Amino acid sequence: MKYINRTYPLFASCGLNCGLCPRYYTAGSSRCPGCAGEGFSEVHPSCGVLSCCQRKGIEYCFECEEFPCKRYDDAGSTDSFISHRNRLRDLDKAKLIGMETYEAELNEKVGLLETLLNNYDDGRRKSFYCSATNLLELQDIKSVMNQLDRLAGEIEQGAPLNLESKIKAAAAVRLFEEMAALREITLKLRK
């Protein structure tokens with residue numbers, strides 16, 4: 001099916017935060033452009049939720065009078081490549097605070113994720129950082145980032161360049177895991 005391009009593909013019609021997904025940051029042919037972003041139909045030829053929304057002329061499921069419908073019966077019970085745990089929560093939040101405010105918050109999370117990928121990735125942490133920024137609240141992510149900023153200066157002064165990225169990545173993972181434990185959140189995907 002050919003989908004109509006959406007104006008904000010970083011937040012899916014179904015409530016996934018596409019801008020926090022590892023496939024959004026993949027360089028190859030499996031890169032996803034976000035929900036109904038440019039080239040979406042080539043990567044995802046069939047999406048029942050998006051088809052339903054576009055047929056009804058709505059952007060997000062929360063705009064439907066049937067929301068949450070049977071498509072959400074098992075929402076949050078498992079994860080696949082990206083976290084599905086917070087779809088209902090995030091749709092409810094977007095509805096409550098408004099899409100403009102939700103977009104601003106998601107854009108800030110995307111910016112923090114990009115900082116992590118550019119400065120704290122040892123080549124093996126993309127999925128972990130995507131999960132952490134997706135599942136933790138913005139203020140918790142900012143708290144971890146502030147701690148990382150302080151540690152980064154210390155690491156850069158004392159570590160050889162070949163070890164620096166590994167040390168920074170290990171510190172980031174430790175701090176995110178500590179924050180997640182404090183919030184009783186598991187950052188590992190549930191299959």
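Against the conditions (1) in contact with a Lys or Arg (Cβ under 6 Å, 6 or more places away or on another chain); (2) not in a loop (DSSP other than H, G, I, E, B), residue 24 satisfies every one except (1).
Yes/no matrix, rows are residues, columns are (1) among the aliphatic types (A, V, I, L, M); (2) in contact (Cβ under 8 Å) with a residue 40 or more places away in the chain; (3) assigned by TED's automatic domain parsing to the domain that holds residue 188; (4) buried (at least 18 other Cβ atoms within 10 Å of the Cβ):
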{"position": "6", "(1), (2), (3), (4)": "no, yes, no, yes"}
{"position": "26", "(1), (2), (3), (4)": "no, no, no, no"}
{"position": "46", "(1), (2), (3), (4)": "no, yes, no, no"}
{"position": "68", "(1), (2), (3), (4)": "no, no, no, no"}
{"position": "71", "(1), (2), (3), (4)": "no, yes, no, no"}
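Applying the criterion of at least 3 residues that are under 26 Å from residue 187 (Cα atoms) and at pLDDT 90 or above to the helices (runs of 4 or more DSSP H) found wholly in region 38-111 leaves 87-97.
Per-residue answers, yes or no, for (1) in contact with a Leu (Cβ under 9 Å, 6 or more places away or on another chain); (2) surrounded by fewer than 20 Cβ atoms within 10 Å (Cβ to Cβ); (3) part of a helix (DSSP H, G or I); (4) not assigned by TED's automatic domain parsing to the domain that holds residue 87:
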| site | (1), (2), (3), (4) |
| --- | --- |
| 117 | no, yes, yes, yes |
| 122 | no, yes, no, yes |
| 127 | yes, yes, yes, yes |
| 130 | yes, no, yes, yes |
| 142 | yes, yes, yes, yes |
| 150 | no, yes, yes, yes |
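The values are calculated or read from the model by the stated rules, or taken from the named source; none is laboratory data. Every value quoted in this text rests on a predicted model; they were computed, and no experiment measured them. Virtual Cβ from ideal backbone geometry, glycine too; neighbours counted across all protein chains shown.
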